[in-house]
Amino acid sequence: MAEDVQKHSVHTLVFRSLKRTHDMFVADHAKPIAIDEESHKLKMTVKLREEYGAVLHMPVLKEGKEKAKQQMTDPYSQQGYPAHSDLDPEYLITGTHHYPSGPGVALTADTQMQKMPSEGGVQSLALALPPSQARQDATRTAASVADIHRHAGSADRSQPPLHAMSLTEAGGTKNVSLVRKAPTMPKPQWHPPWKLYRVISGHLGWVRSIAVEPGNQWFVTGSADRTIKIWDLASGKLKLSLTGHISTVRGVAVSSRSPYLFSCGEDKQVKCWDLEYNKVIRHYHGHLSAVYDLDLHPTIDVLVTCSRDSTTRVWDIRTKANVHTLSGHTNTVATVKCQAAEPQVITGSHDTTIRMWDLVAGKTRATLTNHKKSVRALVLHPRQYTFASGSPDNIKQWKFPDGSFIQNLSGHNAIINTLAVNSDGVLVSGADNGTIHMWDWRTGYNFQRIHAAVQPGSLDSESGIFACLFDQSESRLITAEADKTIKVYREDDTATEETHPVNWKPEIVKRKRF
C-alpha cells in the first residue's frame, strides 16, 4: 500500500514537471509567431499607404452618396440603365467617348451608360433601340438644321448597328427584311468660288491675328515682329504701326463701343490702345504665361482673354479688375469667343475639350469632349444659334445653348488654326500647311480648296494660315499667313453653276434582305 502511494506521488511530480516544460516550450515558440504576424501587418500597411495612398481618401460625389444604398441592394436596374432625372442639369458633359465624372460635373444619359444591364433590361433595350435612337436624334435636332439630322454620315452621330431580327411564331422562324439608307448629305447650296486678288506685305514676321473695325474702313494685324499694323481695307496701304509688345502679338480686337483697340501676346501682356492718341492707356495684369487670344463682349464692357496658363480671365475694361478667372481646362486655352446670349463665353483648349461658361457664376456650364485632339479654333454663326470648332481630327458643328452635336465636316486633314463664317453659310478653315477649305455650312459640303503660293523669297514650308476673317460686308476674306503676308480673297463674279457645278448625287436607298 505504501509503495503504491509512493509511485503515485512520483508520477504526479513527473507529470507536473513535463507539463511545465511543455508550457514553457509553447510560450517560447509562440512569441516569434506573434512577432512575425505583427511585422507582416506593418509591412502591408506601409505598402498600402505607399502604393494606394493617393486613392484611399478620394472625395465621394454627392450623386455617388445618394445612389450608394440603391447600388448595394440592386446593382443593376431592371429597366436596363439607371435613370438620370436626379442629375444636376446645370453642369453637363457631352461626348461620344466616356469621360470620368468629377466634382461639380455630371454625365448625361448619352455618356453615362457604363453599367451592365440585367437580362430583362437587355431585352427591353434591344426591342426599344430604334425608337429610342430616333427620339435621341429628335432632341438633338434644331429647327434650322432639321434636314441635316435626317441623314447619317458622321462618326459622332453613329446609328445603332444593323441586326438581323428573327421572330419565332408557332415553332417557325420568320425573317424580316430591313431597309438601310446610304449615308449621304442633302443637296448643298451653290456658292461661287473665291479667288485671290491682293497680297499685302509689310510685316517682318509671321502674321498671327486679324481684326476689322466696325466701320469697315481699316483692319488690324498682329505679328511675330512684335508690331501691330493698321491697314486701309480698300487700298491695302499701311496707315499706322504700333509698338509696345516685346513678343509675338497673338490676338487683336477692335471695340464697337469705344475708340479702343485691344491686343495680347506671348509676353503675357494685355493692352488697351486709345486710337485717338495711338498709345496704351491700360494694362491688364494677371496671366502667368503667354496670352493666346482675346475677345470683347458685344453688349457689356468686358474683355475675355485666354492663356497658356490654362485659364480664361474676364476683365472689366474700365477698372482693369479681374472679374473672373475661369479655371477648368487642363492645358493651354487656345481660343475664346463671346456672345450676348447664353452661354456668353466659349473656350477651346489643347486638352481637346470645349467649355461653355456661366459668365455670372464664373463656372463651367457644359464641357464638350467629342474632339480627340487640340481645339485651336472656334467660330460663331452670325445668324444661327450655332457654332463650329476646328481640330486636326475634324471640324464639328454644335447647337447652343447645351452644345448639342450637329455634324462633322471631314476632309481638312491638317492642324486647323482658324475658322470664319459669313451670313451666306460659307465656312472657311485655315490650316498649318497653308491650305484653305471652303464649306457649305448647312450640309458640310467642301466646295473649294485653296493653296496659295508663298511670297517670293519664302520657303514652301512657310505657307501656314494663322488667322482668317470676313470683313464687315462679308464680301472679302482676309488671311494672316506664315510667309509674312496678308492675303485678301473675294468671290469670282464670272463663275456660275454651269462653270463650277456642285458634285452632288441624290440619295440612294439600299435594300438588304436576311
Is there any pair with a first residue in the stretch 342-360 that is in contact (Cβ under 8 Å) with a residue 12 or more places away in the chain and open to solvent by 20 Å² or more (accessible area, probe 1.4 Å) and a second that is aromatic (Phe, Trp, Tyr) and assigned to a strand (DSSP E or B) whose Cβ atoms are under 6 Å apart and which are 6 or more apart or on different chains, and what are they?
none
Residue check, residue 192 against (1) more than 30 Å from the chain's Cα centre (by Cα); (2) open to solvent by less than 10 Å² (accessible area, probe 1.4 Å); (3) under 30 Å from residue 452 (Cβ atoms), all met but one. Which one?
(2)
Tell me which residues, restricted to the stretch 456-475, are at pLDDT below 90 and surrounded by fewer than 15 Cβ atoms within 10 Å (Cβ to Cβ).
456, 457, 459, 460, 461
Considering residues of the stretch 330-341 that are part of a loop (DSSP other than H, G, I, E, B) and closer than 16 Å to residue 289 by Cα only, the residue least open to solvent (accessible area, probe 1.4 Å)
332
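Taking the stretch 415-462 as the region of interest, how many residues are in a strand (DSSP E or B) and basic (Lys, Arg)?
1
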Could you pull out every one of the strands (runs of 3 or more DSSP E) wholly within the stretch 365-414 that has 1 or more residues that are over 18 Å from residue 429 (Cα atoms)?
395-399, 404-409
Can you name the residue in the stretch 369-398 that is open to solvent by 40 Å² or more (accessible area, probe 1.4 Å) and of a type in the set (Lys, Arg) and, of all such residues, is farthest from residue 306 (Cα to Cα)?
383
Does residue 500 count as of a type outside the set (Ser, Thr, Tyr), surrounded by fewer than 21 Cβ atoms within 10 Å (Cβ to Cβ) and free of Cβ contacts under 8 Å to residues at least 40 places away in the same chain?
no
When the stretch 442-453 is examined, which residues are found to be open to solvent by less than 30 Å² (accessible area, probe 1.4 Å) and among the hydrophobic types (A, V, I, L, M, F, W, C)?
450, 452
Quick one: is residue 249 closer than 18 Å to residue 487 by Cα, in contact (Cβ under 8 Å) with a residue 12 or more places away in the chain and not polar (S, T, N, Q)?
no
Would a scan of the stretch 287-304 turn up a residue that is open to solvent by 40 Å² or more (accessible area, probe 1.4 Å), within 28 Å of residue 392 (Cα to Cα), among the aliphatic types (A, V, I, L, M) and more than 16 Å from the chain's Cα centre (by Cα)?
yes
Inspect all residues belonging to the stretch 427-441 and state whether any of them is open to solvent by 10 Å² or more (accessible area, probe 1.4 Å) and touching a residue at least 60 places away in the same chain (Cβ under 8 Å).
no
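Can you confirm whether the stretch 476-490 contains a residue that is surrounded by fewer than 18 Cβ atoms within 10 Å (Cβ to Cβ) and out of contact with any Ser or Thr (no Cβ under 8 Å at 6 or more places or on another chain)?
No, there is no match, as no residue in the stretch 476-490 is surrounded by fewer than 18 Cβ atoms within 10 Å (Cβ to Cβ) and out of contact with any Ser or Thr (no Cβ under 8 Å at 6 or more places or on another chain).
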Return the residue satisfying two criteria in turn: it lies in the stretch 212-241 and is within 19 Å of residue 290 (Cβ to Cβ) and not acidic (Asp, Glu), and of such residues it is most open to solvent (accessible area, probe 1.4 Å).
226
Working only within the stretch 209-246, note down all residues that are under 28 Å from the mean Cα position of the chain (by Cα) and over 17 Å from residue 198 (Cβ atoms).
209, 211, 222, 223, 224
So how many residues does the stretch 275-286 have that are assigned to a strand (DSSP E or B) and surrounded by fewer than 17 Cβ atoms within 10 Å (Cβ to Cβ)?
4
Test: residue in the stretch 312-329 that is at pLDDT 95 or above, open to solvent by 50 Å² or more (accessible area, probe 1.4 Å), of a type in the set (Val, Ile, Thr) and within 23 Å of the chain's Cα centre (by Cα):
yes
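The values are calculated or read from the model by the stated rules, or taken from the named source; none is laboratory data. Nothing here was measured: the structure is a model prediction, and the numbers come from that model. Ideal geometry is used to build each Cβ from the backbone, glycine not excepted, and the neighbour counts take in all protein chains shown. For the accessible areas, the whole protein counts, side chains as well, though only heavy atoms, and no ligand, DNA or RNA atoms are used. Shrake-Rupley method; radii C 1.70, N 1.55, O 1.52, S 1.80 Å.
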